[in-house]
Amino acid sequence: MRFCIICGKRTDELYNNMCRECYKENTELVRVPEVINITICPECFSYMFRGKWEKAENPYDIHDVVHDAILRNLAPKVKYIARAVKSMDVILDKSIKLVPYKKSKIDVTLLVEGLVDERVGYFMKSYNLKANIRWRLCPLCFKVKAQVEEAILQIRADGRKLDDDEILRIRNLVEEILYQAYEEEGKSPLIKVEEDKKSGGMDLYFASKRIARYIANAIQREFLASIKESYSTVGGNMREERKKITISVRLPKFKVGSIVLYRDRPIIIKDIRDGRIHAMDLRTYEKLKLTAREARDIEICKYRRERAMVLSITGSEIQVMKLTNYEVLDIPIERRPMWIKEGEGVDLITINGKSYIIKGVLGEEE
Ligand SMILES: [Zn+2]
Ligand SMILES: [Zn+2]
């Protein structure tokens, strides 16, 4: 039996006189610089790499941009000690506050998986370093910084008009973001707003791609909207063509108050907020909370909404009378909510020949 020179463990399996655990702990895979300098364009999120500007892969997420910029710039500066390196990644704490135009020095971790000794095999090691984040306008953004139109945000709803409540909420969201931009940069990048009467939508013209994308992203999250980008060339010279982007933001077919089918269940949408749909099942009055992914299973359906009055309640059946033609119907019900009472005015929703009772909204027309 021999001993590990570090921890004293008795074993015959020694590497450089150390047991497997101590060997891993005391063997370096790479050498990393203590500090790495990163330069990012605060407008389009391109970053410097070997003296050139590289386009950001995901310009919607500042943490992704900084992560990619660090990894890209760090990789050639890492000195290998290991015989082979299988993977290398930068770990960036998502809670670190990164603000365009604001210099910062952040802590990052480089995670390396490498091999030094065949008998020990691949193992992971992490290295801490600092990253200096600097912001500098890339030549393209520098040129257009003088409030030149860079992005158009087209806000529409899919197959319907935006309603007043949606327009108000979008306006508030835009104002909030512009106010922040104003605080940081001393000017608002919004050039003009045009309302599109036909679609009930609006077009916002921006002098900043970044803010336009940021707003598009916020609307997407808040309303479960979809985003599509398209480019058009708007002059410039041979070497640097200027591209303008049009971001089409489309709110879903349904809105608050819509009665739709979700996986064949009739539901009423009560609220759309923070990227979630709050709904109620019309058969069971059960509350539902749907994610954006689940919302893809929502289908628009034809329905009739009529005023009715509850005549009587017998066990699991509610007898109602339509106020339009005094027709009397028996509606089977799985669970009776408190507000269904004899003599009560309710709304009757009919989908594919089946009727459901919902709380009446007096004076509301559908
Ligand atoms: Zn040991
Ligand atoms: Zn730029």
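List of remarks:
- Every condition in (1) open to solvent by 90 Å² or more (accessible area, probe 1.4 Å); (2) in a strand (DSSP E or B) is met by Ser87 except one, and the failing one is (1).
- So Tyr47, is it among the hydroxyl-bearing types (Ser, Thr, Tyr), in contact (Cβ under 8 Å) with a residue 40 or more places away in the chain and outside the structural domain of Glu150 (by TED's automatic domain parsing): no
- Identity of the residue in segment 1-27, β-branched (Val, Ile, Thr) and part of a loop (DSSP other than H, G, I, E, B), that ends up farthest from ligand 2 (Cβ to nearest atom): Ile5
- Selection status of Leu348, in contact (Cβ under 8 Å) with a residue 12 or more places away in the chain and within 32 Å of the chain's Cα centre (by Cα): no
- Counted residues, segment 12-27 - those being open to solvent by less than 50 Å² (accessible area, probe 1.4 Å) and without any contact (Cβ under 8 Å) to a residue 24 or more places away in the chain: 4
- Looking across Val66, Val35, Val30, one residue alone is more than 16 Å from ligand 2 (Cβ to nearest atom) and open to solvent by less than 40 Å² (accessible area, probe 1.4 Å). It is Val30.
The values are calculated or read from the model by the stated rules, or taken from the named source; none is laboratory data. Computed from a predicted model, the values in this text were never measured in an experiment. No Cβ is skipped: glycine too gets one built from the backbone with ideal geometry, and neighbour counts run over all protein chains shown. Ligands, DNA and RNA are excluded from the accessible area calculation, which covers all protein heavy atoms including side chains. Shrake-Rupley method; radii C 1.70, N 1.55, O 1.52, S 1.80 Å.
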